[in-house]
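The values are calculated or read from the model by the stated rules, or taken from the named source; none is laboratory data. Since the model is a prediction, treat every value here as computed from it, not as a measurement. Cβ: placed from backbone, ideal geometry, glycine included. Neighbour counts: every protein chain shown.
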Amino acid sequence: MRLDVVTIFPDYLAPLRLSLVGKAIETGIVDLRVHDLRDWTHDRHRTVDNTPYGGGAGMVMKPEPWGECLDTLVPEPGEDAETAAPGPRLLVFTPSGRRFDQALADELAGEQHLILACGRYEGIDARVVPYARTRMRVEEISIGDYVLNGGEAAALVVIEAVVRLIPGVIGNPDSLTEESHSAGHDRLLEYPIYTKPPSWRGLEVPEVLFSGHHAQIAAWRRERAVELTRERRPELLSDQG
Ligand code: ADE
């Protein structure tokens, strides 16, 4: 998968070189390219923002650097556009976007090429997204109902959630099917897990887990998952219809 991240703080994405995502980059499963939006400015101060029309607090990201950046990253559709691959999908991070969840992570993990646009200040000029929609598929994404200073932390979250789903990134793919929110687990919260010792500071590992009886263990885990979900996130149960 190719990932192009556009930001005015390229160093913010440095942690992606660590851990599992870092390994996926080293092994060539992921081709990560981080771009400085200021490379598409032309003035001495490399200006990316300006004051909002109509007044108000804060600054707005100018449309021109974003337009030129996307022109570079997404070449004009060729003559064989009908038969060509679907092309990149642009993700624009904003608190007013579609809420990011595991189902969207699953969907994005099937893409060949994602471009992640990290806005700063009060946001990007509102003409950039509609223009981009004429050229490519665009998803405005929020990682939760709170406001960040920019899209970089959201990009880190989305990349980590998506890349771990790409085949070959996680050593044992079974670990993906049992975890919280996964489709293989009916999007329930994950059941509690334990390791040795069997007794620790007066707290015991549930007896059934020593039984070696796989069906009983599976039934116990399912009950705990449903119970935990009902207690903490009842809306996930009602989502199942
Ligand atoms: N930019 C600012 N806040 C954000 C959020 N909650 N999700 C995604 N991008 C953002």
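The test for being among the acidic types (D, E) and touching a strand residue (DSSP E or B) at 6+ places or on another chain (Cβ under 7 Å) holds for E140. Filtered by the rule that a residue be part of a loop (DSSP other than H, G, I, E, B) and surrounded by fewer than 16 Cβ atoms within 10 Å (Cβ to Cβ), segment 100-111 gives D101, G110.
From the residues in segment 49-65 that are free of Cβ contacts under 8 Å to residues at least 60 places away in the same chain and under 29 Å from the mean Cα position of the chain (by Cα), which one is surrounded by the fewest Cβ atoms within 10 Å (Cβ to Cβ)?
So, considering only residues that are free of Cβ contacts under 8 Å to residues at least 60 places away in the same chain and under 29 Å from the mean Cα position of the chain (by Cα), the one surrounded by the fewest Cβ atoms within 10 Å (Cβ to Cβ) is N50.
Do the conditions hold for G151, that is, is it at pLDDT below 95, of a type in the set (G, A, S) and either in contact with a Ser or Thr (Cβ under 9 Å, 6 or more places away or on another chain) or within 16 Å of the ligand (Cβ to nearest atom) (or both)?
Taking the combined requirement at face value, the residue does not satisfy it.
The listed residues are S211, S175, and the only one of them that is away from the ligand (no atom under 11 Å from the Cβ), out of contact with any strand residue (DSSP E or B) (no Cβ under 8 Å at 6 or more places or on another chain), farther than 29 Å from K23 by Cβ and hydroxyl-bearing (S, T, Y) turns out to be S211. For segment 112-156, residues that are exposed (fewer than 15 other Cβ atoms within 10 Å of the Cβ) and assigned to a loop (DSSP other than H, G, I, E, B) total 10.
Test G110 against the criterion of being modelled with pLDDT of 95 or more and either over 22 Å from the mean Cα position of the chain (by Cα) or among the small types (G, A, S) (or both), and give yes or no.
It is true that G110 is modelled with pLDDT of 95 or more and either over 22 Å from the mean Cα position of the chain (by Cα) or among the small types (G, A, S) (or both).
The residue pairs whose first member lies in segment 116-135 and is farther than 18 Å from P52 by Cβ, whose second member is charged (D, E, K, R) and assigned to a helix (DSSP H, G or I), and whose beta carbons are closer than 6 Å, counting only pairs six or more residues apart or on different chains, are C118/E152.
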